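The next block holds one structure in the form of structure tokens; read it before the comments.
The values are calculated or read from the model by the stated rules, or taken from the named source; none is laboratory data. Remember, predicted model here, so these are calculated numbers, not experimental data. Neighbour counts run over all protein chains shown; Cβ positions are idealised from the backbone, glycine included. Just so you know, the surface numbers come from the protein's heavy atoms only, side chains and all, with ligands and any DNA or RNA stripped out. Shrake-Rupley method; radii C 1.70, N 1.55, O 1.52, S 1.80 Å.
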Amino acid sequence: MTCTLTYFGHSGFQISDEHVSIAVDPFLTGNPSATIKPSEVKCSHVALTHGHEDHVGDTLEIAKANDAVLIANYELVTHFAGQGIEKSEPGNHGGRIKIDGGNWVAFTQAFHSSSYEGQYMGMPAGLVLHVGGRTIYHCGDTDLFSDMALIGETYKPDIALIPIGDRFTMGPELASRAADLIGAPRVVPIHYNTWPPIEVDVSKFRPSTASVEIMSAGDCITL
Ligand code: NI
Ligand code: MN
């Protein structure tokens, strides 16, 4: 089994094996770092961490075009059902959703907020995605919290995707501590340098042991 992780830029990824292809936080339109258009995304699922525009992004267009299953919390799924996304797998923190091929997605805590078009969208989340025998922890948008150690211990992620852009999430120093708590051998910094307010020096993201893999939009890692 092989799992591939392709970066959309900002917090967006496509995570695929031979059974599923999950677009996570597919924000392309209006994303200055994006290299593809929403119409080029082919996927079986769309998964969302929370309701903010820079994460929901092109969910509606991509889910409809692919007849994809939306994996998100109850509030987001309900909102998008009203917009015509017919297939969904609603969940919430602590829950795990089984999808095709023995793969699954679990919702974890994230310290942030969540709304969409002025409407409350439930609790923001991190996502743990088990695809092709590999485990990926997408932290979502969040502050540092000590239970990241518990998430690391529970799911033993092969790779963690950690926001480092400061202002709305952790900056690089706190994100380095987050990486140490999670304990994944590989980490990818996300949610930085998309716009001036979240410009940071990525070299300040220095976890103690994890190897830092800096991705540009369009880059792909095979796990
Ligand atoms: Ni956010
Ligand atoms: Mn964000």
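Within segment 130-150, the set of residues being more than 16 Å from ligand 2 (Cβ to nearest atom) and either part of a strand (DSSP E or B) or touching a residue at least 40 places away in the same chain (Cβ under 8 Å) (or both) comprises His130, Val131, Gly132, Gly133, Arg134, Thr135, Ile136, Tyr137.
Could you say which residue among Ala72, Ala106 is away from ligand 2 (no atom under 16 Å from the Cβ) and either touching an Asp or Glu at 6+ places or on another chain (Cβ under 7 Å) or not polar (S, T, N, Q) (or both)? Ala106 is the lone residue from the list that is away from ligand 2 (no atom under 16 Å from the Cβ) and either touching an Asp or Glu at 6+ places or on another chain (Cβ under 7 Å) or not polar (S, T, N, Q) (or both). Sort through Val46, Val56 and tell me the only one that's open to solvent by less than 20 Å² (accessible area, probe 1.4 Å) and within 16 Å of ligand 2 (Cβ to nearest atom). Going through Val46, Val56 in turn, just one is open to solvent by less than 20 Å² (accessible area, probe 1.4 Å) and within 16 Å of ligand 2 (Cβ to nearest atom): Val56. Consider Ser88 carefully, then state whether it is without any contact (Cβ under 8 Å) to a residue 60 or more places away in the chain and either on the phi < 0 side of the Ramachandran plot or open to solvent by 10 Å² or more (accessible area, probe 1.4 Å) (or both). Yes. If you check Leu127, Leu76 for being within 16 Å of ligand 1 (Cβ to nearest atom), surrounded by 23 or more Cβ atoms within 10 Å (Cβ to Cβ) and assigned to a helix (DSSP H, G or I), only one passes: Leu76. The set of residues in segment 91-112 that are part of a loop (DSSP other than H, G, I, E, B), open to solvent by less than 30 Å² (accessible area, probe 1.4 Å) and closer than 18 Å to Cys139 by Cβ comprises Gly95, Ala110. In this entry, Val46 is excluded by the filter for residues that are in a helix (DSSP H, G or I) and not polar (S, T, N, Q).
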